[in-house]
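What follows is a short report on a single structure.
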Amino acid sequence: MNFTQAITSGFNRYADFTGRASRSEFWFWALFTWLASLVGSVFDVALFGYQFAAVASPISGVVSLALLIPSLAVGARRLHDIDRTGWWQLLGLTGIGFILLLVWWCFRGTPGSNRFGPDPLGSVVH
């Protein structure tokens, strides 16, 4: 999956926590959210000045809120690809658990179908 396809998939499946997501879909989505946040921050500084933007970032905040649900959905689908439930994302709230999530998000998905659906890459296990 390329960058454009990943962004399209992220928005088309905005709140879809079912199925699986490949590593490329997840990491391209992560890159997109980072870039969107960066652009929002730049607009905050340009429109409101650095001092205000450092305290209250209205544009960046709106961007983050708009991308929160699809980011959680893509993250859950990525965990489904390695045969883990999306609820594991709650580990990210602990801070240190985010490291484990990063490691899991880097793992290759289970080949073939698993309990969450068919392989997003179309691999077939013989």
- Item | the chain: angle of helix 3-12 to the longest principal axis, Cα-based, in degrees nearest 10 | 90 degrees
- Probe 1.4 Å, heavy atoms of protein chains only: per residue, the accessible area of the chain in Å² is 60 Å²
- Compute the Kirkwood hydrodynamic radius of the range 1-51, taking the inverse of the mean of 1/r over all pairs of distinct Cα atoms, and give it in Å to one decimal. 12.3 Å
- Task: With N denoting the number of residues in the chain, provide Rg(C-alpha) divided by 2.2 N^0.38 Å, to two decimal places.
- Result: 1.18
- Calculated [θ] (222 nm, deg cm²/dmol) that DSSP helices of n ≥ 4 give over the chain, each run adding -39,500 (n - 2.57): -20000 deg cm²/dmol
- Task: List the relative contact order of the range 1-121 as a percent without decimals, with contacts defined as Cα pairs under 8 Å and 6+ residues apart.
- Result: 32 percent
- For the residue pair S41 and T85, what label-to-label distance in nm results when each label sits 7 Å from Cα along the Cα-to-beta-carbon direction? 3.5 nm
- Item | Contour excess over end-to-end distance, with Cα ends at V62 and R115 and 0.36 nm allotted per residue | 15.6 nm
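Hey, any idea what % of the range 71-126's accessible area is carbon plus sulfur with a 1.4 Å probe?
Exposed carbon and sulfur together represent 69 percent of the surface.
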- Query: Which longest run of the chain has no exposed loop site in it, a site being trypsin sites (Lys or Arg not before Pro) in a DSSP loop with at most 13 other beta carbons within 10 Å, and the site itself not part of the run?
  - Reply: 1-107
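The values are calculated or read from the model by the stated rules, or taken from the named source; none is laboratory data. Quantities reported herein were computed from a predicted structural model and do not represent experimental measurements. Methodologically, a virtual Cβ is constructed for each residue, glycine included, from the backbone with ideal geometry; neighbour enumeration extends over all protein chains shown. Ligands, DNA and RNA are stripped out before the accessible areas are found, and what is left, the full protein with its side chains, is counted by its heavy atoms. Shrake-Rupley method; radii C 1.70, N 1.55, O 1.52, S 1.80 Å.
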